[in-house]
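Student: One structure, pasted below without further comment.
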Amino acid sequence: MKINRIITKSKKYLLANYNGIEIHLSVPNKESKEQKYYLDYKFGTQKKYYGNGSVKKKSIEFFSSLNTAIKMTQAQIESDLKELFKQDLEIIAYELQMVSTTSVISMRTGIHATIEGFYAFKCKQMLEGTVEKRTLINYGQHHRKLLCLFKTENYKNFKLIDLSSDFWINYRIDVLNSKNSKNQKKLQATSVNQHFQYITQYYGWLIDYLELPIKNHLRKLNKLSEAKQNKRFKIIPQDLFAEFYDILENKEKYTYTRLYLCGLLLYENNIRLSEQVLIRLKDISLERGHISILNKKNDSIRTVLMSEKVNELITIICNNTLNKGIPLSDEMYLFGGHNVLKSGKPHSYKELGTLMRRFRQQYPQFVNITLYEQKHTSITNQFDDGIDHYVIKERANHSSISTTEIYLQSNRAVKPYELKERKTV
């Protein structure tokens, strides 16, 4: 008797249930022609959330890292997947909760409702891939700050028609002074400018997307000067800075290889810790002396040139991996445990901070020094050495020169342009 085998195109894992709407992770079988991974849910019509490719990447890394020797039930796997996709599920949950209000918004609509509608719009942009997940998380902070304002007694009944330039300039003064905030510390100009960039997008949505007859009040507000603000960073004293690298080079090169490498990538190339942990072997060319870096802010790729010392330290890590009998693979991450490359999932950038804490326990003179201060010290030293500001901006990968110039000391001495006698013929 012939038995027909039914091959399903995908396997589903139940990750959440919001008010009766189930959200599944859909994983294709090996036999499937299209290897698509997505979060599947029905909200009016069937919807598929790809997370701009992140769902596939996370899923492949998760299932490849499962220990086949330990048998896990589907419930256990679903529990782990729920934690893995926690942020993605929150984005979908918010869309399910926020029924679009854009069709009923008018100049008489309450501000609170329009702010909710704008954030729901940003969530939809995230679903279509035009807004990055990391960006949406940052937007959430600005969203909550605005909601707090329009929940207060003075403004809870405000409508769009009540907005004005005076309202926003007074609000900016309150934000600068942390009024109505649990944090009593005054905010820096950079933070306030970022908050008002979000409000500017909110106005763009009202004017261009909803086509409401509202004046753009923010055009009357000048951007706050970021170059004049007080420093939010620490510079490592020169004697401690020199001692730090002297110890790493002459005493601890083979014990703290990862820390040495991490510090140099911060100081020499200004590569953020969150970007360092994502460097794979395939991103490194020891022969050409360059590394491809994924920018976590906008998912772009930039290429940096490495110094001879960085090349040497990466070579040590590769040799350590081979000496342990582990074959090298292009997919391995540069920062693993015990100064070897890492397979599977990348470390969190917090792991690099743990290295520094371990080093400080052994050398207590560095107790008040953090890893990220390597970058702050680097940018300040570049200014002091007279390097062109735009070169520093490119190395630091800042989007604005004003961000870079925050590191410029206001008391920086400038050499005189001396008057020289000119000989007359």
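The values are calculated or read from the model by the stated rules, or taken from the named source; none is laboratory data. Note that this is a predicted model, so its numbers are computed, not measured. Positions of Cβ are generated from backbone atoms using ideal geometry, with glycine treated the same way; all protein chains shown enter the neighbour counts.
Student: Contact list please: Cβ distance under 6 Å, first residue in segment 63-91 and farther than 15 Å from K345 by Cα, second residue part of a helix (DSSP H, G or I), pairs at least six apart or on different chains.
Tutor: D88/G51; I91/C123; I91/M126
Student: Further question on the same structure: Can you name every residue in segment 378-405 that is closer than 22 Å to S300 by Cβ and more than 23 Å from the chain's Cα centre (by Cα)?
Tutor: Listed by number, the list holds a single entry, H389.
Student: From the list E226, E211, which one is free of Cβ contacts under 8 Å to residues at least 24 places away in the same chain and part of a loop (DSSP other than H, G, I, E, B)?
Tutor: E211
Student: Also: Mind counting the residues in segment 157-190 that are part of a loop (DSSP other than H, G, I, E, B), in contact with a helix residue (DSSP H, G or I) (Cβ under 7 Å, 6 or more places away or on another chain) and at pLDDT 85 or above?
Tutor: Of the residues in that region, 3 qualify.
Student: Here is a further query. Across segment 333-392, which residue is surrounded by the most Cβ atoms within 10 Å (Cβ to Cβ) among those that are under 23 Å from L408 (Cβ atoms) and of a type in the set (D, E)?
Tutor: Selected residue: E373.
Student: Cβ-Cβ below 7 Å, separation at least six or inter-chain, first residue in segment 382-404 and outside any helix (DSSP H, G or I), second at pLDDT 85 or above: which pairs?
Tutor: N397/N270; N397/R302
Student: Just the residues that are closer than 16 Å to L261 by Cα and either polar (S, T, N, Q) or in a helix (DSSP H, G or I) (or both), please, taken from segment 349-371.
Tutor: Passing the criteria: K350, E351, L352, G353, T354, L355, M356, R357, R358, F359, T370.
Student: I need the full set of residues from segment 304-335 which are of a type in the set (D, E) and not in a helix (DSSP H, G or I), in order please.
Tutor: D330, E331
Student: Which residue pairs have Cβ atoms closer than 6 Å, lie 6 or more positions apart in sequence or on different chains, and pair a first residue in segment 99-118 that is more than 16 Å from L149 (Cβ to Cβ) and surrounded by 15 or more Cβ atoms within 10 Å (Cβ to Cβ) with a second residue that is of a type in the set (S, T, N, Q) and at pLDDT 75 or above?
Tutor: Matching pairs, first to second residue: I105/T114.
Student: For segment 271-278, does any single residue satisfy the condition of being surrounded by fewer than 17 Cβ atoms within 10 Å (Cβ to Cβ) and either within 30 Å of S106 (Cα to Cα) or free of Cβ contacts under 8 Å to residues at least 40 places away in the same chain (or both)?
Tutor: No, the conditions are met nowhere in segment 271-278.
Student: Please verify whether segment 117-132 includes one or more residues that are modelled with pLDDT of 85 or more and over 23 Å from the mean Cα position of the chain (by Cα).
Tutor: Within segment 117-132, one or more residues are modelled with pLDDT of 85 or more and over 23 Å from the mean Cα position of the chain (by Cα).
Student: Please go through segment 260-270 and pick out each residue that is of a type outside the set (A, V, I, L, M, F, W, C) and either without any contact (Cβ under 8 Å) to a residue 24 or more places away in the chain or in contact with a Leu (Cβ under 7 Å, 6 or more places away or on another chain) (or both).
Tutor: Answer for segment 260-270, where residues must be of a type outside the set (A, V, I, L, M, F, W, C) and either without any contact (Cβ under 8 Å) to a residue 24 or more places away in the chain or in contact with a Leu (Cβ under 7 Å, 6 or more places away or on another chain) (or both): Y260, G263.
Student: Looking at E308, E287, E268, which is the one that is more than 18 Å from the chain's Cα centre (by Cα), surrounded by fewer than 17 Cβ atoms within 10 Å (Cβ to Cβ), among the acidic types (D, E) and within 24 Å of N397 (Cβ to Cβ)?
Tutor: Going through E308, E287, E268 in turn, just one is more than 18 Å from the chain's Cα centre (by Cα), surrounded by fewer than 17 Cβ atoms within 10 Å (Cβ to Cβ), among the acidic types (D, E) and within 24 Å of N397 (Cβ to Cβ): E308.
Student: Kindly evaluate N193 against the criterion of being part of a loop (DSSP other than H, G, I, E, B) and either modelled with pLDDT under 90 or of a type in the set (D, E) (or both).
Tutor: no
Student: Given the conditions (1) buried (at least 17 other Cβ atoms within 10 Å of the Cβ); (2) not polar (S, T, N, Q); (3) not assigned by TED's automatic domain parsing to the domain that holds E351, report the number of the one that F233 does not fulfil.
Tutor: F233 satisfies every listed condition except (1).
Student: Does segment 337-363 hold any residues that are in contact (Cβ under 8 Å) with a residue 24 or more places away in the chain and small (G, A, S), and which are they?
Tutor: Those that are in contact (Cβ under 8 Å) with a residue 24 or more places away in the chain and small (G, A, S): G344, S348, G353.
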